[in-house]
Amino acid sequence: MAIFCTRETKILIQGITGRDGSFHAKSMLGYGTNIVAGVTPGRGGQTFEGKVPVFDTVKDAVAATGAEASVIFVPPSGAAGAVFEAADAGCKLVVCITEGVPTLDMVKVMPYLAERGVRLVGPNCPGFINPGQKAKLGIMPTNIVAPGPVGLISRSGTLTYEVVDALTRAGLGQTTCLGIGGDPVIGTNFMDALQAFHADPETQALVMIGEIGGDAEERAADFVKANMKIPVVSFIAGRTAPPGKRMGHAGAIVSGGSGTAAEKKKALESAGIPVADRPADVVPLLQQIWKR
Amino acid sequence: MNIHEYQAKDIFRDAGLTVPPGGIATTVEEALSLARGLGLPVMVKSQVLAGGRGKAGGVKFCKTEDDVRTHAGNILGMDIKGHTVRKVLVTPAETIAAEFYLGMLVDRASRRVLLMASAEGGVEIEKVAVEKPEAILKHAIDPRFGLLDHEAMAVALRLDPDVKRARQLADAMQKLYKAFLAADASLAEINPFIFTDQGVGKAIDAKINLDDNALFRHPGYAALRDLDEENPSERMAREADLSFVKLDGNVGCLVNGAGLAMATMDLVQYYGGRPANFLDIGGSSNPDKVVNALRIILGDPNVEVILFNIFGGITRCDDVARGIIAATERMEIKVPIVVRLTGTNEAEARELLAKTDLVGAATMDEAVQKALALAGK
């Protein structure tokens, strides 16, 4: 069944007429994603690609189409505002692709979402794709995924594609490929994603792609050890990252001696989760421990 | 972006915290004249973006003008963890009856600003966190209501049972939160917050890290950036809007995506090599961006080979290949270049590369191995 949404979930796109929004909206539509509306203030009444109605506000879009989820492609200064708007309009799932959102904006958004029972994915993430459901909420390339039993969680974008591509080439399709984002404050974290995959009967194996910074991987390891029976393998990027330097992602930093790749590897391995030395080893490692 | 103590103190003053006066000197003469104006004794404090300044001998108590001459003379030009001291802060020396640690940071797990406070002030808080974690009190601040009076007071009273002093501590915590929000900080610390023998509370040290993502709404903070503290190649990268970190190896890496860029560096090391840098070139195939990236990397004389690792995804690989070829044709490049491109139209991309001197590779592992074989040849 995959996680977070199905082929029936009605999706709208905030920022659908922008440069990035329109490019990715076309790709999402081309994949078969159920996009029912777009939102760009001042563009209400127009149609996108001859079939998707555009509205001035999310509220209008939800009222007219019954949209339940939103994917956000708006610039960083307006990204938190767009998340508030989607939640206020009743969207229960919000995926924020935008990179470069001020961290305190996200801190402010979180209790608002919690009160309304809204799930946020991102920001600064590639979103997710459910190949068996033909649903793509984000920017992942569709040509490298395939339907199947493997779930994937990652803090990164292209590194995720690298591993997804290897899975697909090995004949291992995916229930959901989820990029949770590289910022310090994100909506859905490793733990939340694990809980969702744990509740999905179709996901029979799991790949976790972590990186330096924070201790989300360590917490995830504890959850896996305590709760999950399906095979889980991992890869951690950033073994060679110098301490105190931000490695591209705002959240990818070793600070005060903690958040290192070595610590994460240790925590994962002591929870029985094998950690690949190279991205190319992830799939063989999974095949090794997965008794089908 | 990290800023100096004296800059952080200005932000603290604006938020209403009590901070001793002081001035910045770049010469011994300036330091002397500041000391005379403030009145002896003073502290002379090196201003570098590195921790452990005191341990390194970069913070000195000066009782006399001769002390100021000696210490300012020693500290100016001193190297602290690879940072050259170019300025010192001259500030009155306070009598310290008690010292505390007050800090705030964005906590990933609670997704809130976390107040941290400890009666173990004046020492490295990272050390306290490891050796005596129970000595650090924590409170996650609800962004809707801020740090409420009773919340601040509850923490303060556990730090110091004296009500008068606890009130001052609580007030300082609330003002620290105000400063944190006003500056869009990712970290703000007062270490130590002291009480003088008269019972007056003061922030005698200050540290603030700013959230790079929020700098766009603080145009004034551009002036706080200390260009002397920035590695020249990192400055070029920042100005070209590229995410770059300089390392000390010989394999120059250009990768799209931060996670893949880290994994590429790791793979270089896995095969026994050493990466020269972290560089995320992003999803663009724009030759100008590639030229900028190559200039930054080739500015490092250690670089003996260049490794492109691009997972195209939606981006068309033939476009990226054309961008790389155009960029390399516009520059004189004396080191070999290995290019790995995967994704849409990768076959076309490989055909384009085959007509050039660039070395193609199909996988990340192949690319890294080829780059290492070519390094230094």
Cα centroid of region A:225-292 to Cα centroid of region B:7-31, whole Å: 44 Å
FRET E, pair A:Q288, B:E329, Förster distance 51 Å, beta-carbon r, rounded to 0.05: 0.65
Semi-axis lengths, Å, region B:98-224, gyration tensor of Cα atoms, sqrt of 5 times eigenvalues: 24, 16, 15
Among A:Q46, B:G77, B:G122 - extreme Cα towards positive end, dipole of the protein assembly as shown, charges at beta-carbon: A:Q46
Span per principal axis, largest first, for the Cα atoms of region A:145-292 (Å): 42, 30, 28
Degrees, to the nearest 10: A:76-88 long Cα axis against longest axis of chain A: 80 degrees
Inverse of mean 1/r across different Cα pairs in region B:21-92, Kirkwood, Å: 11.5 Å
q = 0.10, 0.11 Å⁻¹, the protein assembly as shown: log10 I(q)/I(0) [Debye, one scatterer per Cα]: -0.99, -1.16
Calculated diffusion of region A:11-121, Stokes-Einstein form, Kirkwood radius summed over Cα pairs, 20 °C and 1.002 mPa s, µm²/s: 157 µm²/s
Convex hull volume of region A:75-177 per residue (C-alpha atoms, cubic angstrom): 98 Å³
Nearest-ten-degree value, helix B:258-270 long axis tilted from longest Cα axis of chain B: 70 degrees
Percentage relative contact order, region B:98-224, counting C-alpha pairs under 8 Å, at least six apart: 26 percent
Amide H within-cut-off set for A:G157, under 5 Å, with H built and near neighbours excluded: B:A258, B:G259, B:L260
Where labels lie 7 Å past Cα in the beta-carbon direction, separation of A:A170 and B:A97 in nm: 6.7 nm
For B:248-260, mean number of other protein chain Cβ atoms within 10 Å: 5
Phi to ³J(HN,Hα) by Karplus 6.51 cos²θ - 1.76 cosθ + 1.60 over region A:157-168, Hz, x for Gly, Pro: x, 4, 5, 4, 4, 3, 6, 4, 4, 5, 4, 4
For region B:266-377, diffusion coefficient by Stokes-Einstein and Kirkwood Rh (Cα), 20 °C, 1.002 mPa s, µm²/s: 153 µm²/s
Chain A - percent relative contact order, Cα under 8 Å, separation 6 or more: 14 percent
Computed FRET value (nearest 0.05) for B:E239 with B:S33, which takes r as the C-beta separation and R₀ as 45 Å: 0.80
Rg/Rh ratio calculated on Cα atoms of chain B (Kirkwood radius): 1.08
Among B:L247, B:L38, B:L114, residue whose mean-square fluctuation peaks in a GNM of chain B (springs only between Cα atoms under 10 Å): B:L247
Within region B:153-234, GluC sites (Glu not before Pro) in DSSP loop having at most 14 other beta-carbon neighbours inside 10 Å: none
Highest-MSF residue in chain B out of B:D160, B:D67, B:D365 [GNM, Cα springs under 10 Å]: B:D365
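Using the Kirkwood formula over every pair of different C-alpha atoms, what hydrodynamic radius in Å results for chain A?
Here the Kirkwood hydrodynamic radius works out to 19.1 Å.
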For B:A93, distant residues with modelled amide H under 5 Å away: B:V42, B:M43
Partner chain coverage, peptide A:104-112 - average Cβ within 10 angstrom: 6
Low-density loop cleavage sites - GluC sites (Glu not before Pro) in region A:47-148, where at most 16 other Cβ are within 10 Å (DSSP): A:E49
Alpha-carbon centroid distance for the pair region B:173-233 / region A:119-176, whole angstrom: 40 Å
Pairwise FRET efficiency - B:K81 versus A:K266, Cβ, R0 = 30 Å, nearest 0.05: 0.65
Relative contact order of chain B, pairs being alpha-carbon contacts under 8 Å that are 6 or more residues apart, as %: 13 percent
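Each value in this text was obtained by applying a stated rule to the coordinates, not by laboratory testing. Since the model is a prediction, treat every value here as computed from it, not as a measurement. Every residue, glycine among them, receives a Cβ derived from its backbone with ideal geometry; neighbour counts consider all protein chains shown.
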